[in-house]
Ligand SMILES: Cc1ncc(COP(=O)(O)O)c(C=O)c1O
């Protein structure tokens, strides 16, 4: 087996068409698309019986362990269009100390911080940029809370595509620097991510750049879908009881829900589904509010604020898809305070040696809350998503010093 076989071998592809996620209207594959005519996300559809005929669990097991092992369930047709920076399968890490302390069931983190550019945004953007390359797109633009912009910058540079990126004024410095260093033009904007999105839409109308905003193009979701494919394969073609996902635009949650349906259609998993839990910050919880009100669409959250910048998304175009997955799965939406996020981050780092990002820590805070109020049972296997490396975020200073010229009290160290 060649280490880069998934990237170089030609393999059959099965995309049949795209479909409006709201109206079901069909759109042709292999053409440039943004939203459907109804202004809703487009989903990629496959000939799944064709996939079932050519792909077996054994075939998959022999392939290199990267995201491209699932090529038959992905939209890129030609190997030469794949733009890869090494999208390794991310590990499942158990948190036995915390599970024991809480008296809960098995507690597992899928650690997405191992991906190129240090976050799961690599999954979506590697797919969007590879498809952009296949479709001849020359200039991409996007609004970002940081991590998505970094991934777009990296993959666009690798593909020779120009990238212009807009982020909220207070986006962490490291994100803005990495975007610039990785060859994109990046601007801080005095507003939130949806204000940045308006600039991208205006530029699309005026200069024709391609809008890569969350769910406004069809392929990021296909990349994010691989989180669900990997997770099921890593658990021996099983799914956990509960998935807690830090939800902003919701691409990952929607993508995983789609992945499980496709895996069932090709006979890799059965009917069992995890309960999907959308975790948001108390200072920006439009999905939680909509879930609790029982409505299909989520109104914009005014004055959004949270330290978990990745989930500071006041309004999401895929709101109905997030809510649908949460409800169909028997899951729920839950908000956690910044204080609870900080405490969860500290606890996981101190007691498990696992440095989560604030968004990942939000899922652990939510797990604790839901375990305490009975919404997650003590015998359930739960998977948390740590969507980025904790090292991308400002860390509190460690201030202890030692004067090497003075006697050292070793017993006190
Ligand atoms: C670290 C992190 N977690 C979670 C999210 C939310 O992701 P999604 O858009 O899939 O809801 C983001 C998005 O920026 C992020 O950067």
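The values are calculated or read from the model by the stated rules, or taken from the named source; none is laboratory data. Predicted model only: the values in this text are computed from it and were never measured. Using ideal geometry, Cβ is built from the backbone for each residue, glycine included, and neighbour counts are taken over all protein chains shown.
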Go through (1) surrounded by 21 or more Cβ atoms within 10 Å (Cβ to Cβ); (2) within 13 Å of the ligand (Cβ to nearest atom) one by one and return the number of the condition residue 172 breaks. (1)
Are there any pairs, at least 6 apart or on different chains, whose C-beta atoms fall under 6 Å, with the first in segment 4-24 and loosely packed, with under 13 Cβ neighbours inside 10 Å and the second in a loop (DSSP other than H, G, I, E, B), and if so, which? 23/38
I'd like the full set of residues that are touching a strand residue (DSSP E or B) at 6+ places or on another chain (Cβ under 8 Å) and in contact (Cβ under 8 Å) with a residue 60 or more places away in the chain, limited to segment 31-40. 32, 33, 34, 35, 40
Which condition does residue 233 not pass, out of (1) free of Cβ contacts under 8 Å to residues at least 40 places away in the same chain; (2) away from the ligand (no atom under 16 Å from the Cβ); (3) within 24 Å of residue 130 (Cβ to Cβ), if it passes all the others? (1)
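Looking only at segment 237-259, count how many residues are within 16 Å of the ligand (Cβ to nearest atom) and either closer than 18 Å to residue 380 by Cα or in contact with a helix residue (DSSP H, G or I) (Cβ under 7 Å, 6 or more places away or on another chain) (or both).
Selection size over segment 237-259: 16.
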Residue satisfying condition, being in contact (Cβ under 8 Å) with a residue 40 or more places away in the chain and either more than 12 Å from the ligand (Cβ to nearest atom) or buried (at least 23 other Cβ atoms within 10 Å of the Cβ) (or both), within set 296, 302, 292: 292
Residue in segment 219-230 that is within 16 Å of the ligand (Cβ to nearest atom), surrounded by fewer than 16 Cβ atoms within 10 Å (Cβ to Cβ) and over 21 Å from residue 328 (Cβ atoms) present: no
Just to be sure before I move on: is residue 311 over 18 Å from the mean Cα position of the chain (by Cα) and touching a residue at least 40 places away in the same chain (Cβ under 8 Å) in the structure I sent? no
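In this structure, does residue 29 turn out to be more than 22 Å from the chain's Cα centre (by Cα) and either modelled with pLDDT under 95 or more than 20 Å from residue 255 (Cα to Cα) (or both)?
Answer is no for this residue.
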Top-ranked residue of segment 367-413 - restricted to ones that are within 16 Å of the ligand (Cβ to nearest atom) and either at pLDDT below 95 or in a helix (DSSP H, G or I) (or both), ranked as nearest to residue 309 (Cα to Cα): 393
Regarding segment 40-51, can at least one residue be identified that is loosely packed, with under 15 Cβ neighbours inside 10 Å, under 24 Å from the mean Cα position of the chain (by Cα) and at pLDDT 95 or above? no
Any residue at all in segment 331-339 that's modelled with pLDDT of 95 or more, under 21 Å from the mean Cα position of the chain (by Cα) and more than 30 Å from residue 396 (Cβ to Cβ)? yes
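Okay, residues lined up against (1) modelled with pLDDT under 95; (2) within 14 Å of the ligand (Cβ to nearest atom); (3) touching a helix residue (DSSP H, G or I) at 6+ places or on another chain (Cβ under 6 Å); (4) over 20 Å from residue 283 (Cβ atoms):
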site: 322; (1), (2), (3), (4): no, yes, yes, no
site: 328; (1), (2), (3), (4): no, no, no, yes
site: 349; (1), (2), (3), (4): no, no, no, yes
site: 352; (1), (2), (3), (4): no, no, yes, yes
site: 356; (1), (2), (3), (4): no, yes, yes, no
site: 365; (1), (2), (3), (4): no, yes, yes, no
Just name the residue that is nearest to the ligand (Cβ to nearest atom) out of those in segment 147-160 that are touching a strand residue (DSSP E or B) at 6+ places or on another chain (Cβ under 6 Å) and within 23 Å of residue 208 (Cα to Cα). 149
(1) farther than 30 Å from residue 382 by Cβ; (2) not in a helix (DSSP H, G or I) all hold for residue 204 apart from (2)
